[in-house]
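Got a structure for you, questions after.
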Amino acid sequence: MRIPKGHPFSICVSLFSSPNPNHILEPFSFSFSSSSRILFNSGILSSALLGQLPSRRKANNCKGNNLHSSNTMDVMGADGKTLPPERTDCSDRGQNPYIWSSPEGGQKIDIGKQIFCNRSLNMKNIVAVGFDMDYTLAQYKPETFESLAYEGTVRKLVYDLQYPSELLEWTFDWKYMVRGLVLDKKRGNILKMDRHKYVKVAYHGFREMSKEDKVATYGSTLTRDSFDEPDYALIDTLFSLAEAYLFAQLIDFKDNNPGKVSADYSRIYKDVRAAVDLCHRDGTLKQMVAKDPGRYINEDTSIVPMLEMIKESGRATFLVTNSLWDYTNIVMNFLCGPNTMNSCCSATNFDWLQYFDVVITGSAKPGFFHDENRANLFEVDPESGMLLNTDNGTPMPPVDTSLRLPLNIDKSCRVFQGGNVGHLHKLLSIESSSQVLYVGDHIYGDILRSKKVLGWRTMLVVPELEREVALLWELRDTRKQLQLLRNERDHIEDKIHHLKWSIRFDDVHADNDEELTAELDKLKSRSEKVRFNHQQAQRECHRMFHKVWGQLLKTGYQNSRFAHQVERFACLYTSQVTNLSLYSPDKYYRTGEDFMPHEIDILAL
Ligand SMILES: Nc1nc2c(ncn2[C@@H]2O[C@H](COP(=O)(O)O)[C@@H](O)[C@H]2O)c(=O)[nH]1
Ligand SMILES: [Mg+2]
């Protein structure tokens, strides 16, 4: 098959635009300024940028006073054994990242860096390990990167969609929104749900909804809402934090300034979504990152040793990213490039490709994983960014030899754009999808389809986990207290019910009746106190994790909806991709035992 002339066998257009990974865009009418048009349609990476990358290399992201498990390889989570973590100082691994295969490897693993296992996975059965790039290998700094997205979006709303210019004065609190929230587009609400999809925390803009309001809106319907698209939007990637915040700000603004924003809540959401989407496609974000990756992406010296270790263990490695080649090359150079801590800049090169067997850019996940996806696979010439049509990965020689690409197909790593999972399996000679482990940050984009439909094994990267487990450890006594208070509350309630029954139906003597009534009053007042203490303690605990949304993986004492998704779709989960290098590449990750409520008392858990 050959592409008609003037079709994809051409220079790679829109170098920084990426296929929208998960968002279905409504048609929208931005009036592009001429400059944005130029950026959108042409390569954004000027040669000046291509030749320059700032210096890198710092210590590994090890924060002092981390928690450790006290065992070597059989750590909590991976094997389901809870070993008491101990506090130790974390040495600065700096230039010599600590990996399992190093002489000091196989040592204590910080609890915040452990790999937790939902579904047993024997790495011996894995022949290829794949990685997503953005927010998986590349950890963006939300304070700078998401602020950039926020500011770019505001500008587009004001200049292209005629939102009031006051918006330009607004500021972004990057810590306010968290993953796992759900936006109710029609009502302008932001919700946090438990695993049964019961709304537990609800805000209208930034105003907390009263319990009555919450129940009236979400709790007393005849049929249960699915809380899915198109009426709801899931904040399931860190890329969405800015848009969720701006949505809340605009809801507040509209309510407090009637007439200033004519769009209804749903329209506001659509406009924000479209503007964010454009920021990802027109160079607003990627040009800035390309100029100064260190400002927007965390340096991590342990990525290269991890990739080397996996390769040395005999496994293939691959990268599947929705970013396009030119941007991928910049980010991967930054993450895997030479240690240039003391020099001001370094040129991009393709050395990082040595750590991969196949790189697929512009993959359009999650569509990439669909059976019915018939997307063509193009080979990318790394130097020029030009695309060559392929027949299932085999390069197709162009008819017009003057258009021949300088492809060096002998290189150990080949770079592609587009295609589907079938192409990848063929390129890597994968016989069974269960031989593939894929590491990503996005439940829907990376994990859900690949595991549920395809049968790949999956690892979800949840950077928030490191802080969450550290806090859990700190608050373990409070948690025990809460459990005791709950037990006491339940016990008193049972007693009250029993007493009430006795007073009503038992043939009790009048004196006795008085006594029982007095006792009932005492119990009721005790119950009130316990209930109040429990609520206060619960609220305090919640606020320790996040002042508004509480713990990422819990709502009250139930798992959050986000936790439920992690549990169902991710075989493994961990705070950082490089935590893989703290374990043997042949590690057998085993789950702990499942417990049903009826087993808990019997087994005295
Ligand atoms: N067009 C849009 N692109 C987006 C949006 N949010 C994120 N992104 C881009 O997707 C890739 C993610 O890459 P991966 O390595 O995680 O697969 C990256 O290029 C982001 O800029 C969006 O809303 N619209
Ligand atoms: Mg990603």
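The values are calculated or read from the model by the stated rules, or taken from the named source; none is laboratory data. Source: prediction; values computed, not measured. Note that we place each Cβ from the backbone using ideal geometry, even for glycine, and neighbour counts take in every protein chain shown. Just the protein is used for accessible areas: all its heavy atoms, side chains included, with ligands, DNA and RNA removed. Shrake-Rupley method; radii C 1.70, N 1.55, O 1.52, S 1.80 Å.
Answer with yes or no whether Leu335 is modelled with pLDDT of 95 or more, more than 15 Å from ligand 1 (Cβ to nearest atom) and either crowded, with 16+ Cβ neighbours inside 10 Å or in a loop (DSSP other than H, G, I, E, B) (or both).
Taking the combined requirement at face value, the residue does not satisfy it.
Please work out if Ser120 is open to solvent by 10 Å² or more (accessible area, probe 1.4 Å), more than 15 Å from ligand 1 (Cβ to nearest atom), of a type in the set (Ser, Thr, Tyr) and out of contact with any strand residue (DSSP E or B) (no Cβ under 7 Å at 6 or more places or on another chain).
no
Another question, then. Among residues belonging to the range 87-110 that are touching a Leu at 6+ places or on another chain (Cβ under 9 Å) and at pLDDT 50 or above, point out the one that is surrounded by the most Cβ atoms within 10 Å (Cβ to Cβ).
Ile109
Can I ask one more? Could you run through the range 230-260 and say how many residues are part of a loop (DSSP other than H, G, I, E, B) and over 25 Å from Lys554 (Cβ atoms)? Before you say what the answer is, go through the steps one by one.
Here is the first cut: in the range 230-260, the residues part of a loop (DSSP other than H, G, I, E, B) are 230-231, 236-237, 257-260.
From the residues that got through so far, the ones that are over 25 Å from Lys554 (Cβ atoms) too are 230-231, 257-260.
Total satisfying the criteria: 6.
Further question on the same structure: Conditions: (1) under 26 Å from Ile330 (Cβ atoms); (2) surrounded by fewer than 23 Cβ atoms within 10 Å (Cβ to Cβ); (3) more than 16 Å from ligand 2 (Cβ to nearest atom); (4) modelled with pLDDT of 85 or more. Pro406 meets all but one. Number of the miss?
Pro406 satisfies every listed condition except (4).
Just one of Leu485, Leu448, Leu427, Leu472 is open to solvent by 10 Å² or more (accessible area, probe 1.4 Å), away from ligand 2 (no atom under 16 Å from the Cβ) and under 30 Å from Lys141 (Cα atoms); which is it?
Only one candidate qualifies: Leu472.
Could you list all residues from the range 306-332 that are away from ligand 1 (no atom under 15 Å from the Cβ) and crowded, with 22+ Cβ neighbours inside 10 Å?
Met306, Leu307, Ile310
Restricting to the range 451-461, name every residue that is away from ligand 2 (no atom under 12 Å from the Cβ), over 17 Å from Ser363 (Cα atoms) and open to solvent by less than 10 Å² (accessible area, probe 1.4 Å).
Thr458, Met459
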